[in-house]
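Structure, as structure tokens:
The values are calculated or read from the model by the stated rules, or taken from the named source; none is laboratory data. Predicted, not measured: the structure shown is a model, and the values here were computed from it. Here the Cβ positions follow ideal geometry from the backbone for every residue, glycine too, while neighbour counts run over all protein chains shown.
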């Protein structure tokens, strides 16, 4: 029997233009400049303002040093008895800056990983996702972001939907590369990756060390050694040997010295927070909406010439609409950025006055979203990968977000404050007798922070600091 039914339901749909706008929100200053240059090259109806166009015209050539070598003729140069290596150096270095030691070549570990991964995988989608993950590695070769956040960012940037399972699968491929432990999400995973690649015949302690890290890591962190001894059916002497074996492994896949040879990229801030007469003001580091415009004169000129060509007319109209939308999107992006940054500045006003991390207040994305009136996803993308220049230095906006906990007085303090105290205590501790989690709890209590030991252990793990016994072995 055929019948008809009526139903009323709400469906939330996101338009392609809204996705593109969210992508613009995610970009930082340098990435936005690249996007603008790409749009200028693709859309003839979009043009740079006079300020951009004249930047290259106003560049002056480098002044000459006017040394005697500049006036030598070919015969003088031919008869010169100077060794070739001196001439080559002088082509690149001033006389006062000629190096006395050979320059050491260095291949960044990310470039080496990308080359390894291209040889490992032959699926184009996996290669693109793998290179994206490699770029996300920190200086120690580990992944800091959550898998769900990586999946969302990749989906918006590449404009394709990727599942968390795909991210985990490709990440596991990266973890098979060298150096061992690369791509780990924490110290525990870094140790497990190394242990699973060790020959058990050559290193008999590797088997029980793997069981210890894989199944009893929480007991190890909380120093429940009696429970570990009973579970592994071993004596205390053998447990010490396992600890000594674990101490021979790397807690981080990339050494700290690798960052010395890394090319230093200057951070271009997105915001400027200035302080005048104890009044904070926020502004964009550089506005881009005034540097591009729609070329309507070209559209009018070409429209007259292509009145009879329907395809050309449709093409020009589409390009004009795309140019108008892009300029509007840049303007909307900058307005949204300013409003959200002003909200963050109001929420963290004591911190921005002098840069004291102890004045940082608990703040999550929901707080900014409720106060500014924007959606939480918009706030997330505006604050992602953005920096603010202040009178006390450059601040990464993500560092301003933290959860809150209560101290002895009942006041809510930021978890960043607790983490800074823990990091400072570990840096200043006696390396041969490092502080345990309980000792860190007592130290925090002396400073007025009543924190449970499990909370201290959680923050220590977030800071990627090993437990005291392992730190003592590494010392």
Exercise. Do the conditions hold for residue 432, that is, is it more than 22 Å from residue 190 (Cα to Cα), in contact (Cβ under 8 Å) with a residue 60 or more places away in the chain and in contact with a helix residue (DSSP H, G or I) (Cβ under 9 Å, 6 or more places away or on another chain)?
Worked result: no
For this session: With the condition kept exactly as written, say whether any residue in segment 220-239 is within 22 Å of residue 144 (Cβ to Cβ) and either touching a strand residue (DSSP E or B) at 6+ places or on another chain (Cβ under 6 Å) or at pLDDT 85 or above (or both).
Result: no
Exercise. Picking from 220, 232, which residue would you name as being in contact with a helix residue (DSSP H, G or I) (Cβ under 8 Å, 6 or more places away or on another chain) and either closer than 29 Å to residue 169 by Cβ or in the same structural domain as residue 457 (by TED's automatic domain parsing) (or both)?
Worked result: 220
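Matching residues to (1) touching a strand residue (DSSP E or B) at 6+ places or on another chain (Cβ under 9 Å); (2) surrounded by fewer than 18 Cβ atoms within 10 Å (Cβ to Cβ):
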{"position": "349", "(1), (2)": "yes, yes"}
{"position": "355", "(1), (2)": "yes, yes"}
{"position": "363", "(1), (2)": "yes, no"}
{"position": "372", "(1), (2)": "no, no"}
{"position": "376", "(1), (2)": "no, yes"}
{"position": "379", "(1), (2)": "no, no"}
{"position": "382", "(1), (2)": "no, no"}
{"position": "386", "(1), (2)": "yes, no"}
{"position": "391", "(1), (2)": "yes, yes"}
Exercise. Mind checking which residues of segment 212-255 are loosely packed, with under 15 Cβ neighbours inside 10 Å and closer than 30 Å to residue 137 by Cβ?
Worked result: 214, 215, 218, 244, 248, 255
Problem set entry | Of all residues making up segment 170-190, the number that are assigned to a helix (DSSP H, G or I), in contact with a helix residue (DSSP H, G or I) (Cβ under 8 Å, 6 or more places away or on another chain) and over 13 Å from residue 254 (Cα atoms) | 5
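Yes/no matrix, rows are residues, columns are (1) modelled with pLDDT under 90; (2) under 29 Å from residue 279 (Cβ atoms):
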{"position": "314", "(1), (2)": "yes, no"}
{"position": "350", "(1), (2)": "yes, yes"}
{"position": "389", "(1), (2)": "no, yes"}
{"position": "392", "(1), (2)": "yes, yes"}
For this session: With the condition kept exactly as written, say whether any residue in segment 114-123 is within 17 Å of the chain's Cα centre (by Cα) and either part of a helix (DSSP H, G or I) or surrounded by 15 or more Cβ atoms within 10 Å (Cβ to Cβ) (or both).
Result: no
Exercise. Can you pull out the residues in segment 415-425 that are out of contact with any helix residue (DSSP H, G or I) (no Cβ under 8 Å at 6 or more places or on another chain) and crowded, with 18+ Cβ neighbours inside 10 Å?
Worked result: none
Problem set entry | Any helices (runs of 4 or more DSSP H) falling wholly within segment 348-403 and containing at least 1 residues that are over 24 Å from residue 458 (Cα atoms), touching a helix residue (DSSP H, G or I) at 6+ places or on another chain (Cβ under 7 Å) and touching a residue at least 60 places away in the same chain (Cβ under 8 Å) | 349-354, 376-383
Exercise. Out of curiosity, is residue 187 under 27 Å from residue 439 (Cβ atoms), in contact (Cβ under 8 Å) with a residue 40 or more places away in the chain and crowded, with 17+ Cβ neighbours inside 10 Å?
Worked result: yes
For this session: Would you be able to say whether some residue in segment 319-326 is assigned to a strand (DSSP E or B) and free of Cβ contacts under 8 Å to residues at least 24 places away in the same chain?
Result: no
Problem set entry | The listed residue being farther than 29 Å from residue 44 by Cα and either surrounded by fewer than 20 Cβ atoms within 10 Å (Cβ to Cβ) or in contact (Cβ under 8 Å) with a residue 60 or more places away in the chain (or both), out of 345, 316, 337 | 345
For this session: Exactly one condition in (1) more than 30 Å from residue 380 (Cβ to Cβ); (2) in contact with a helix residue (DSSP H, G or I) (Cβ under 8 Å, 6 or more places away or on another chain); (3) free of Cβ contacts under 8 Å to residues at least 12 places away in the same chain; (4) assigned to a helix (DSSP H, G or I) is not met by residue 206; state its number.
Result: (3)
For this session: Could you figure out which of (1) at pLDDT below 85; (2) in a helix (DSSP H, G or I) isn't true of residue 131?
Result: (1)
For this session: Evaluate segment 450-463: report whether one residue or more is under 28 Å from the mean Cα position of the chain (by Cα), in a loop (DSSP other than H, G, I, E, B), at pLDDT 85 or above and not assigned by TED's automatic domain parsing to the domain that holds residue 240.
Result: no
